[in-house]
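A short worksheet on the structure shown next.
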Amino acid sequence: MRRLLKTDPHGAADAVSAGHAVERATDPILALPESVSYLKPAEAEAFARAYAFSARAHAGQYREDGKPYITHPLAVAEILAGWNMDGQTLVAALLHDVIEDTGVSREQIAADFGPAVAALVDGVTKLNQLEFESKAHAQAENFRKMLLAMAQDLRVILIKLADRLHNMRTLDAMKPETRTRIAQETLEIYAPIANRLGLNHLYQELEDLSFQHLHPTRHKVLKKAI
């Protein structure tokens, strides 16, 4: 997501890391983490191409923790692979921020990866825009309904949930006020959606991470007691 992205033209070490990420992404063997080993050969090839495509598109962009931005979509794809999602979903996860954060168009994604992947990426982009434009004016329940209604393909919601999960896992890099806002949003919007979809482990982790950032002292006491 855009709020987790920054550009640092002076970070020589980060630039080298980004270069290595792009180089690694162009090698189909190195680009395939163990978590996606269940993909069929054609799906694995598409995954490797999408990884290389995303790495090039996000080159020069960094997350708040200083890591190359490509590490985020790759992590989202690996979370979805842990849920045994299909190849199209994993490819879309690798590309889920390229429309919003780079100059890549939906038409280009459709030409390179097919209309189904392009529709998934476009769906995630629209959810992000809805969040950016409307969150401050919507009550939590209404906003949850809007998110679910806008996602004609349930896989869009799953990519969004995986995206939010990785952002929550790496929230320590954000400023305190930003952490509080994102954690509260996660608790009110995304954890209930995960619960509604029956994703119990995801629901519990999102709730726990939100509580940890909203009430760190209480969280430490309870964790110690448990």
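The values are calculated or read from the model by the stated rules, or taken from the named source; none is laboratory data. In this text the structure is predicted, and so the values were computed from the model without any measurement. Glycine also receives a Cβ, built like all others from the backbone with ideal geometry; neighbour counts cover every protein chain displayed. Just the protein is used for accessible areas: all its heavy atoms, side chains included, with ligands, DNA and RNA removed. Shrake-Rupley method; radii C 1.70, N 1.55, O 1.52, S 1.80 Å.
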Inset, instruction - Output the number of residues of segment 168-194 satisfying the condition of being closer than 28 Å to Ala149 by Cβ, of a type outside the set (Ser, Thr, Tyr) and either modelled with pLDDT under 95 or open to solvent by less than 70 Å² (accessible area, probe 1.4 Å) (or both). - result: 14
Legend entry - Only one of Glu34, Glu78, Glu23, Glu45 that is open to solvent by 40 Å² or more (accessible area, probe 1.4 Å), of a type outside the set (Lys, Arg), modelled with pLDDT of 90 or more and out of contact with any helix residue (DSSP H, G or I) (no Cβ under 6 Å at 6 or more places or on another chain): Glu45
Legend entry - Odd one out for Leu4, checked against (1) in contact with a Lys or Arg (Cβ under 6 Å, 6 or more places away or on another chain); (2) modelled with pLDDT of 95 or more: (2)
Inset, instruction - Take segment 95-116 and flag every residue that is surrounded by fewer than 23 Cβ atoms within 10 Å (Cβ to Cβ) and among the aliphatic types (A, V, I, L, M). - result: Ile99, Val104, Ala110, Ala111, Ala116
Inset, instruction - Filter segment 149-167 for residues that are touching a Gly at 6+ places or on another chain (Cβ under 9 Å), surrounded by fewer than 19 Cβ atoms within 10 Å (Cβ to Cβ) and either among the acidic types (Asp, Glu) or modelled with pLDDT of 90 or more (or both) and give the result. - result: Asp153
Inset, instruction - May I ask you to list pairs of residues, at least six apart or on different chains, whose Cβ atoms are under 9 Å apart, with the first in segment 199-213 being under 14 Å from Asn167 (Cβ atoms) and among the acidic types (Asp, Glu) and the second being open to solvent by 60 Å² or more (accessible area, probe 1.4 Å) and part of a helix (DSSP H, G or I)? - result: Glu205/Arg169
Legend entry - Pairs where the first residue, in segment 107-120, is at pLDDT 95 or above and the second is hydroxyl-bearing (Ser, Thr, Tyr), C-beta under 8 Å, 6+ apart: Leu120/Thr89
